[in-house]
Structure formats: structure tokens, C-alpha cells
1. Using 1/(1 + (r/R0)^6) with R0 = 41 angstrom and r between the beta carbons of GLN430 and PHE218, what's the FRET efficiency to the nearest 0.05?
2. Give the aspartates and glutamates reachable from LYS105 as a straight Cα distance under 20 Å; neighbours fewer than 8 places away on the same chain don't count.
3. I'd like the distance between the alpha-carbon centres of the stretch 233-310 and the stretch 402-434, rounded to an integer number of Å.
4. Pull out a ≥ b ≥ c, the square roots of the eigenvalues of the alpha-carbon gyration tensor of the stretch 344-423, then state rounded if a/c is under 1.5, prolate if not and a/b is larger than b/c, and oblate in the remaining case.
5. Read phi for every residue in the stretch 188-205 and hand back ³J(HN,Hα) as whole Hz from Karplus 6.51 cos²θ - 1.76 cosθ + 1.60, θ = phi - 60°, with x for Gly and Pro.
6. Between LYS423 and TYR296, how many nm apart are label points set 7 Å from Cα along the C-beta direction?
7. Using only the Cα atoms of the stretch 70-172, build the gyration tensor, take square roots of its eigenvalues as a ≥ b ≥ c, and label the shape rounded, prolate or oblate: rounded if a/c is under 1.5, else prolate if a/b is larger than b/c, else oblate.
8. Can you put ILE435, ILE154, ILE342 in order of Cβ neighbours within 10 angstrom, beginning with the fewest?
Amino acid sequence: MKLSIVEKIGFGAGDMAINVVIIAMQLLLAYFYTDIYGLRAADVGVLLVVVRMIDAIIDPAMGMLTDKVSTRWGRYRPWLLWFALPFGFAVYLMFITPDMTYTLKLAWAYFTYILMTLVYTAITIPYISLIGVITNDPDERLSANGYRFVMTKIAAFLVTIVVPMLAVWLGQGNKALGYQLSMGLMGAMGAVLFIFCFLTTRERSEPELPSMSIKQQFATLLRNDQWLILGVVIMLLMCGYVIRGSVAAYYAKYYLGGGDSLISPFLTAGVVASILAMIATTWVTKFWDKIKMFRYTQLMTFALSAAMYFCVGQQNIVLAFIFYFLINFFCDMQMPVFWSSIAEVVDYGEKKNGLRVSGLAFGGILFFQKFGMGIAGGVLGFLLSHFGYQADVQQSASSLAGIALMMTIIPAAFHLATGLLMKKYFINNQYYRDIQTELAQRQA
């Protein structure tokens, strides 16, 4: 089924809204908690781990819940409407910085982050499941995901450029108030984008509901070897991506010596590279097997990350920008391929096992994603503390060395593991068409 450009843009608007939060969590939240809100790095590490573990447990449950709800608007779209306004409000609350004792400030951070996580899960899982029911054409899914990830990177652009600028302008010297107001505006924009996504997309098929118990669904899903590979892959990707992305602000401010003024341009270089990567992927996959592209771009990310450690010295700003741009370009070329592949492994599982598990499959992928983000957040906080990081002061040699490692060598290891693991994933476009043909024959 061919999708109109308007529907592809509408579909992308949903992920643009989601990434207002996810980019803030990956690129700004750790920095916000340590340098603006005043939390200790070790406490931030524990916070990120605990909340992500709670989130990871909730994801599969939400996936199963979406299988049980059906409305005249479809199975997945209504959630975008129901949770649009709570989503925007939760974003605003997460960046409020009440003037309280340290213990109460930490408790507030836990409360607002957990609330944001619950709302985020309730709207994200139905959204990522939507691609499986608006079209069954793998090329159209890939194209729609291309639009989706371009709009994702526009959200990243807004968070990394507009939010810091708005924070200065709106805060008038009060950075905490500035971030609260600017992220509140981002939350409001996210709510509008979700409503737009709801209005412009349409569910054209209704996935078969599982007649199995939860235990049977889990057992069936665990026999889907390609789904398990995707799960481990997204976990590894998020470990590498979040560690590098979260420490980038520290790297620009302290290691490169650019102060607060260099953070926004440096993060923007990565965002621009990611936008170009989304465009390039749509073109490259017309001529090159998408799974091979996935694998080799991750190996290239590993090589560039390792080279950055050895080639970029302190205050070598131009070379650092070049490497950061290239790393983000090659790293993010996999995104449209990965997220369009989830619906395909669901069909693969039905072909292999004779049973279909959809909602839990999508929720389970988010479990792996959040688990990886939790690991990465914990590693970031604990390593910053281990290397002696102190907020908003001149860093020690140990702290600077640790920031450099977290920017390069540590995430490089995760991308190498991803590239090697993808050798075992084999569902390319031709293989998936064969799956569709066999499933159609069974139904006939």
C-alpha cells in the first residue's frame, strides 16, 4: 500500500514529538542534572539506571495492553490522542527545579522522571507499532521511516540549538528557569505533533490478536531468533549512542575548552550529520542491501570513534567537529532500517513458529532499548564520579581523560559489537517478500 507524502510527514511528526524527550534525555539531561540542577554525578547515574529499569519492565506490559484495545480509530492511533496533553505536561514538570533540600531535590527528580517515563511509554509503543498497520510494503515502510527520522533529527536540532538559546533568553541569567520554560515549549509542541500524527495517519489493517497466554507469548517470542538479535542490537546501539551523546556537552565545554558557548554548536554538528544520514540511507538502500549497509556503517563508526581518541587533542576544536560529524553520520544510517525491521521480524516469527506475537514484540524491543539506555546512563554517572568530575569548575587531568574515553573508545566498543552481531541477521527485502508470499499462501 502506497502512502501519501502527507501521511509520511504525519507519521514522522509522532517521532518528532517523541524525540523532543529522547534527545533531551540523551544529550542534555545528565548535563542539566549535574551543572544546572546541582545533583551529584553518582546520584545522577543511579537515577538514570533505576528509572530506566522501571521503564524497561513497563514496556512489554504496554505492548500487551495495546493488543487488547480496539476502537473505531484503530488499535494504535487513539493512544496518540489520549496521551498528547499528558506528554507535554510531563516534559514541563521534568525540567522544573524547585529550591529545596538536596534530598527533596533528588526525590523530585525521581518523581518527575518516572512520571515522564510512564507517559512516554504509553504513547511510544503504540506509535512504533503503527508502522505495521499503515502499510505492508517494506519499501514504503522504509520510506516512511526515512521521513520519520529526518523529522526526528529536526527535533534534535530544536533541542540542541533552540533550547539552549531560549534558556538564555527566557531565563535572563537564571539558567534553571530558562530550561524549564524552553522545555515547556518543547513539550507543548510535542503534544501538537502527536495530535497531527493522529489526524493524518490511518490504520489499514488490523493485526491478528494473540490467542495465547502471556507465558505462551513470551515463549514464542524467545524462539524468534531474528527478534532476539534486533533486541540485543538496539541495546548495544543505545549504550554507545547515549554514552557518547550524553558526554558530548561535557566534551565540548571542558575537554575542548569551549565553555557553555561551544555546547550548542558541537551538538548541532552531530544533529546535522544525522539528518543527512537519514536522507542518504533512503538513497543508498536503493542500490545496496540494507542489512549490509547496517553492518558496515556500524563498523565504520567504531573505526572513526577509535581514531578520534588518538587524533583529537585538547582544544583541537576543528578536528573534533569533523570527527563528531562523521561518527554521527555513519552511526545513524542504520535507524530507518532498524525500526522498519521490527514489523518484519514479527512476520518472520509467524512464518517460523506458526504463531503471531505483535504487541509484545514491539514492547520487548523498547525493553531492550530502555535497558541499554539505563546501562549507558549508569555508566556515564558512575564514570564521571570515578574520574573526579566536578560541575562547572576547571577539570582535573583524570576527569578530562575520562571524558575523552567516554566520547570515543567506550562507545566504539558497543558499535563494534553491533556490527559483528548483525552478521547473524538475514531478513533483507528479498527474504521478507518471500515471507509475505508464504504467509499469504497459508491464509489462502
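1. After rounding, the FRET efficiency stands at 0.85.
2. ASP35, ASP43, ASP392
3. Here the two parts' Cα centres lie 13 Å apart.
4. Verdict is prolate for the stretch 344-423.
5. The phi angles translate into 5, 4, x, 4, 5, 5, 5, 5, 4, 4, 4, 6, 9, 9, 8, 7, 9, 9 Hz.
6. Placing both labels 7 Å along Cα→Cβ, they lie 1.6 nm apart.
7. Because a/c hits 1.5 or more and a/b fails to exceed b/c, the stretch 70-172 counts as oblate.
8. ILE154, ILE435, ILE342
Quick note: the coordinates plus some simple rules give every number you see, no bench work behind them. It should be emphasised that the depicted structure is a prediction, and the values quoted were computed from it without experimental measurement. Reconstructed Cβ throughout: ideal geometry from the backbone, glycine too, with neighbour counts over all protein chains shown.
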